[in-house]
Amino acid sequence: MRYVIVCVVQGEAGEFNNQMRKEVWEKLKAKSSKLPAHFTIKAPFEYDGKITELENTLENFCRYEKAAPFKLDGYGHFGNRVVYMHVDMSMEGQVLHDRLIDVMSKVPYIDFDKKDGKDKTFHVTVASKGIQPIFDQLWQYANSRPCHFSCMFDNITIYKWQDHTWQVHKSYHLN
């Protein structure tokens with residue numbers, strides 16, 4: 001089974017990202033993930049057994065940890081391949097994230113690399129598929145939309161790939 005672990009961006013910021021991704025598809029045919037607005041905690045991984053150890057680890061982590069703030073502030077891009085909303089993670093959020101990575105790293109089937117470990121570039125994707133030919137238009141469109149939101153790192157959500165889409169497996173909420 002294929003899984004991914006994210007923090008779903010909720011409220012006004014999440015709605016803004018979800019709407020913007022829809023508009024970018026309608027106007028420019030630029031695709032994004034099938035996931036709702038989120039930043040990635042653990043990139044997609046395959047595991048064929050039960051993920052009970054991971055589930056217990058996340059449940060225990062959330063029982064004792066507090067939600068932390070972050071901001072979505074402007075846009076960025078990875079070359080001409082991805083356009084995203086920039087996550088300005090608070091110090092509390094960075095420490096929370098790094099503790100989470102440490103705890104998850106103890107689960108035998110979870111491995112992190114530089115794209116999804118402690119030193120990742122936090123971001124909420126706007127478009128990431130087939131954007132090279134329209135990058136300039138997409139970049140201009142994104143930057144015409146003000147992006148300044150206060151958010152909370154308040155959930156850890158596991159999605160699984162099933163029936164050709166990502167479906168919520170379990171969601172854990174931080175205090």
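The values are calculated or read from the model by the stated rules, or taken from the named source; none is laboratory data. Computed from a prediction, not measured in an experiment: that's the story for all the values here. Note that each Cβ is placed from the backbone with ideal geometry, even for glycine, and that neighbours are counted across all protein chains shown.
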Would you confirm whether any residue within the stretch 135-142 is closer than 29 Å to residue 174 by Cβ, surrounded by fewer than 15 Cβ atoms within 10 Å (Cβ to Cβ) and modelled with pLDDT of 95 or more? no
Selection within the stretch 102-126 - surrounded by 18 or more Cβ atoms within 10 Å (Cβ to Cβ) and part of a helix (DSSP H, G or I): 104
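Within the stretch 15-33, restricting attention to residues that are within 22 Å of residue 154 (Cβ to Cβ) and touching a residue at least 40 places away in the same chain (Cβ under 8 Å), which residue is surrounded by the most Cβ atoms within 10 Å (Cβ to Cβ)? Steps first, answer last, please.
We begin by selecting, within the stretch 15-33, every residue within 22 Å of residue 154 (Cβ to Cβ); these are 15-21, 33.
Keeping just the survivors that are touching a residue at least 40 places away in the same chain (Cβ under 8 Å) gives 16-17, 20-21, 33.
Values: 16: 19, 17: 23, 20: 21, 21: 21, 33: 17.
My answer is 17.
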The residue from 57, 52 that alone is in contact with a helix residue (DSSP H, G or I) (Cβ under 9 Å, 6 or more places away or on another chain) and either within 18 Å of residue 169 (Cβ to Cβ) or surrounded by 16 or more Cβ atoms within 10 Å (Cβ to Cβ) (or both) is 57
Can you pull out the residues in the stretch 1-51 that are of a type in the set (Val, Ile, Thr) and within 11 Å of the chain's Cα centre (by Cα)? 4, 5, 6, 8, 9, 40, 41
